[in-house]
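J.: The structure follows.
The values are calculated or read from the model by the stated rules, or taken from the named source; none is laboratory data. Bear in mind that the values here come from a model prediction, so they are computed numbers and not experimental data. All Cβ positions, even for glycine, are placed from backbone atoms using ideal geometry, and neighbour counts span all protein chains on display. What goes into the accessible areas is simple: the full protein's heavy atoms, side chains included, and nothing from ligands, DNA or RNA. Shrake-Rupley method; radii C 1.70, N 1.55, O 1.52, S 1.80 Å.
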2 protein chains.
Amino acid sequence: MGCVAGIDIGGTNIKCIMMSEADEVLIQKTVDTPYRRPVSEVVDLIEEVICRMLKECGQRHEELLGIGLGIPGPTNFKTGIAYAVPFLGWNNVNICEMLEERFHVPVSCDNDANLNALGEMYFGAGKGRRNIILLTLGTGLGCGIIVDGRILRGANNVAAEAGHMVIEGDGELCACGKRGCFESYCSATALVRYAKGFVRQYQDSALLRYAGGEAEKIDGKMIYRGCLEGDEASLKTRDIFVEKLSVGLVNMINLLNPECIILSGGVSGMGDMLLGPLKKSVENLLMHKVQECDMIIGKLYTMAGVMGACRMVKENGIKRES
Amino acid sequence: MGCVAGIDIGGTNIKCIMMSEADEVLIQKTVDTPYRRPVSEVVDLIEEVICRMLKECGQRHEELLGIGLGIPGPTNFKTGIAYAVPFLGWNNVNICEMLEERFHVPVSCDNDANLNALGEMYFGAGKGRRNIILLTLGTGLGCGIIVDGRILRGANNVAAEAGHMVIEGDGELCACGKRGCFESYCSATALVRYAKGFVRQYQDSALLRYAGGEAEKIDGKMIYRGCLEGDEASLKTRDIFVEKLSVGLVNMINLLNPECIILSGGVSGMGDMLLGPLKKSVENLLMHKVQECDMIIGKLYTMAGVMGACRMVKENGIKRES
């Protein structure tokens, strides 16, 4: 039986799986991302992991039917070119072509958030839905959009850059150089920034206790714990996050009218503590009852991207016997 | 030869055309919109106009193959129901069914801005493009979005409500009850509001002269004339409008990555006086060169909606001989 490889290149590690033609995950591996090494070294590493996975799950090389890659940056799905991945030092790198030369099977790539959305739609929280927005609330804010069952790619394959919608005129300075971007209000980074602000006001906050008195050490998990325990600074942190997140979501609902919104990434670990107030806040900001949509937490966690990558390979056409 | 009828129901008038199977406009008529009359009277009026058009262009009733309707409000394209048209007093009205009973041909309807976008794509400024955003900058702000050649309708057919994206936290109060909506910054209404503000500062502005000294009488055409003549208040009005418009457009470009943006409606009459600075401002706010897109003025003016309505009828299937 044939199989496909799904690879998700992240800032910290590269996640790899092998999936059977029957959509079973046969094996998974995680390796450290080589930091600012030549592209060829990254390709060597991916080749090595794929060979190891094939061997360990008893598949012959001929049984590999295709490879799907998730790239953490703007990517041209049609040409296989990664436009820019700053932390890898990549500019207009055609990693698909390089892997095709090694394995002689079709290789396709897409932006990682798109593949997360595809993965959740086929295998996770979005099963049976065809109009989905997925947000990953991690270090930054990623977004994948599915319209009528297909990834929304736009004219040049760089759609779904939700993080750089402006939601506040003259607001927070974003890494992109603009002010008031959605990402600068709704990421794990922003969540922790809010908390650090509030503990200055609430000096007896449990957050400071968890962090051993050092505000700099506050992290997302502490804020979640604080919310569970009714700590005021934590709840206020959650509330301001919900307020900003609902503005961005309502903008997207107005434009896209999705069936459901899936939240993933670190901050989504807050679960109902986040979802409860978020649903109320979004409902209040919508104009029409018919705009309402489900809001749910992703089910696949770090597996969404690699599973989506495998699904993409199947949609794009796998190697056939000649 | 067969023909289809395109009807665009507006706040002031109802525009009607008859289009041949070869996409020629055979005839057009405009009648006043009945203000807050029973739906049946509006249907009577549309029936009468269609019969008159058929007669005047020498078509038999059997030659009418379908009717397309543009509705000025959220509309369920699938069921033919207009959810809400406040100025007509309509709530969940199935006007398609009512017209089908009169003519025994397929009747389809959609939001008017969607049909404007479809019309411009097939017959106007968007010819040959498949990923388009159209904005109508009139009394309000309307929007139609085309993705891969198809109207973006969303899960419940209420996508493309761009006017109610929030672009400023705690900003201008919008008619929808929220603050900071795109529409409250970028409509003909907003343009005139900016001008009235600036003439308080520039008491010798040409705008006041055009308006006979009464700021209340300033309108869009005066602002355009002022810009052409280098009047400072007019230019500042244009600049603030461009600033806000580019924020909303950049939000939409980030999400949708369109090939082109088409501006229509009253304010678009400013042509290059608007487009020149707008292009620069949008370019400055984008992150990637690959996000750049054309910005153009619509070509069909008030004909876009009715021509789009005829096109929709052809896409949805016309009456066939049984």
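J.: Here is a list: B:Gln59, B:Gln28. Which entry is in contact (Cβ under 8 Å) with a residue 40 or more places away in the chain and not in a loop (DSSP other than H, G, I, E, B)?
T.: Sole residue among the options that is in contact (Cβ under 8 Å) with a residue 40 or more places away in the chain and not in a loop (DSSP other than H, G, I, E, B): B:Gln28.
J.: Among strands (runs of 3 or more DSSP E) lying entirely in region B:105-224, which contain 3 or more residues that are within 14 Å of chain A (Cβ to nearest Cβ), open to solvent by 10 Å² or more (accessible area, probe 1.4 Å) and in contact (Cβ under 8 Å) with a residue 12 or more places away in the chain?
T.: B:141-147
J.: When A:Met307 is evaluated against the numbered criteria (1) out of contact with any His (no Cβ under 7 Å at 6 or more places or on another chain); (2) at pLDDT below 95, which criterion, by number, is the only one it fails?
T.: For A:Met307, the exception is condition (2).
J.: While we're here: Report, by residue number, each residue of region A:246-264 that is surrounded by fewer than 24 Cβ atoms within 10 Å (Cβ to Cβ) and on the phi > 0 side of the Ramachandran plot.
T.: none
J.: Can you say whether A:Gly276 is among the small types (Gly, Ala, Ser), over 19 Å from A:Arg150 (Cβ atoms) and open to solvent by less than 30 Å² (accessible area, probe 1.4 Å), as far as the supplied structure shows?
T.: Criteria not met by A:Gly276.
J.: Further question: Pull out all pairs, ordered by first then second residue, where Cβ-Cβ is under 9 Å, the residues are six or more apart or on different chains, the first lies in region B:233-251 and is free of Cβ contacts under 8 Å to residues at least 12 places away in the same chain, and the second is in a helix (DSSP H, G or I) and open to solvent by less than 10 Å² (accessible area, probe 1.4 Å).
T.: Matching pairs, first to second residue: B:Leu235/B:Gly226; B:Leu235/B:Cys227.
J.: Report, by residue number, each residue of region A:297-318 that is within 18 Å of the chain's Cα centre (by Cα) and buried (at least 21 other Cβ atoms within 10 Å of the Cβ).
T.: A:Gly298, A:Met303, A:Ala304, A:Gly305, A:Val306, A:Met307, A:Gly308, A:Ala309, A:Cys310, A:Arg311, A:Met312
J.: Moving to a separate point now. So which residues in region B:225-234 are crowded, with 17+ Cβ neighbours inside 10 Å and either among the aliphatic types (A, V, I, L, M) or more than 29 Å from B:Ile132 (Cβ to Cβ) (or both)?
T.: Selection gives B:Gly226, B:Asp231, B:Ala233, B:Ser234.
J.: Identify, please: which residue in region A:237-282 is in a helix (DSSP H, G or I) and among the acidic types (Asp, Glu) and is, among those, farthest from the other protein chains (Cβ to nearest Cβ)?
T.: Step by step, filter region A:237-282, then rank; the result is A:Asp272.
J.: Can you name the condition, by its number, that A:Ile50 falls short on among (1) modelled with pLDDT of 95 or more; (2) within 24 Å of A:Cys143 (Cα to Cα)?
T.: (2)
J.: Mind listing just one residue for me: the one in region A:65-93 that is in a loop (DSSP other than H, G, I, E, B) and either touching a Leu at 6+ places or on another chain (Cβ under 8 Å) or away from chain B (no Cβ under 13 Å) (or both) and, of those, nearest to A:Arg153 (Cα to Cα)?
T.: My answer is A:Gly80.
J.: With respect to A:Glu292, determine if the residue is without any contact (Cβ under 8 Å) to a residue 12 or more places away in the chain and facing chain B (nearest Cβ under 9 Å).
T.: yes
J.: In region B:1-25, what count of residues is obtained for those that are within 19 Å of the chain's Cα centre (by Cα) and in a strand (DSSP E or B)?
T.: Here the count works out to 10.
J.: Further question: Quick check on region A:139-159. Is at least one of its residues among the hydroxyl-bearing types (Ser, Thr, Tyr) and at pLDDT 95 or above?
T.: Within region A:139-159, not a single residue is among the hydroxyl-bearing types (Ser, Thr, Tyr) and at pLDDT 95 or above.
J.: Determine, yes or no, whether B:Leu285 is within 14 Å of chain A (Cβ to nearest Cβ) and either of a type outside the set (Gly, Ala, Ser) or out of contact with any Gly (no Cβ under 7 Å at 6 or more places or on another chain) (or both).
T.: yes
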